[in-house]
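So the structure is just underneath, and the comments pick up after that.
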Amino acid sequence: QVQLVESGGGLVQPGGSLRLSCVGSGSVSGIGAMGWYRQTPGKQRELVATITFVGSTRYAESVKGRFTISRDNAKSTLYLQMNSLKPEDTAVYYCNFVLGPRDYWGQGTQVTVSS
């Protein structure tokens, strides 16, 4: 089993920054791709960014140039640096780890961008 714990969410003004973290514990050996997703009420969960084990990244068009995904394999930790935040970035953010045929999700952390 793998447990994921996210942190770093909160309330920020438009134009501000936040850094999300997601720490994996348990049977984390062999973790492959990792990613961040977000969801707002009444909408499907959407991809924000993903990163492979060797560091190849992919971003949603809406966050390109503003968000940066990174990982520390030694610490089983995933990060999302979010800059130039906009009100439309408001959502619950979830981390995702892929291990073999399974993937695991964190509990979510709320990010609210508002003045």
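Nothing in this text is a laboratory measurement; each read-out follows from the coordinates by a stated rule. Keep in mind that this is a model prediction, so the values were computed, not measured. Quick reminder, even Gly has a Cβ in these numbers, built from the backbone with ideal geometry, and neighbours come from all protein chains shown.
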Problem set entry | Rounded to whole Hz, the Karplus (6.51, -1.76, 1.60) HN-Hα couplings of the range 97-111, x for glycine and proline | 10, 9, 9, x, x, 10, 10, 10, 10, x, 7, x, 9, 7, 10
For this session: Would you mind computing Rg(Cα) / (2.2 N^0.38 Å) for the chain, counting N as its residues?
Result: 1.01
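Give me the net charge for the shell around G16: Cβ to Cβ below 12 angstrom, other residues only, Lys and Arg +1, Asp and Glu -1. Walk me through the intermediate numbers first.
On the way: positive: R19, R66, K86; negative: D89.
Neighbour charge sum, excluding G16 itself: +2.
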Exercise. For K43, which lysines qualify as cross-link partners when the Cα separation must be under 26 Å and same-chain residues fewer than eight apart are set aside?
Worked result: K64, K86
Exercise. Tell me, in nm to one decimal, what length is gained between L47 and R19 on full extension, where the rule is 0.36 nm per residue of separation less the Cα-Cα distance?
Worked result: 8.4 nm
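Ranked highest first by the average count of other Cβ atoms within 10 Å around their residues, in what order do 38-50, 85-97, 18-30 fall? Could you put the intermediate results ahead of the total?
Values: 38-50: 14.0, 85-97: 19.0, 18-30: 16.2.
Highest mean packing first, the order is 85-97, 18-30, 38-50.
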For this session: Could you compute the FRET efficiency for Q1 and T68, with r as their C-beta to C-beta distance and R0 at 25 Å, rounded to 0.05?
Result: 0.30
For this session: Before anything else, pin down the relative contact order of the chain: Cα pairs under 8 Å, at least 6 apart, normalised by residue count, whole percent.
Result: 37
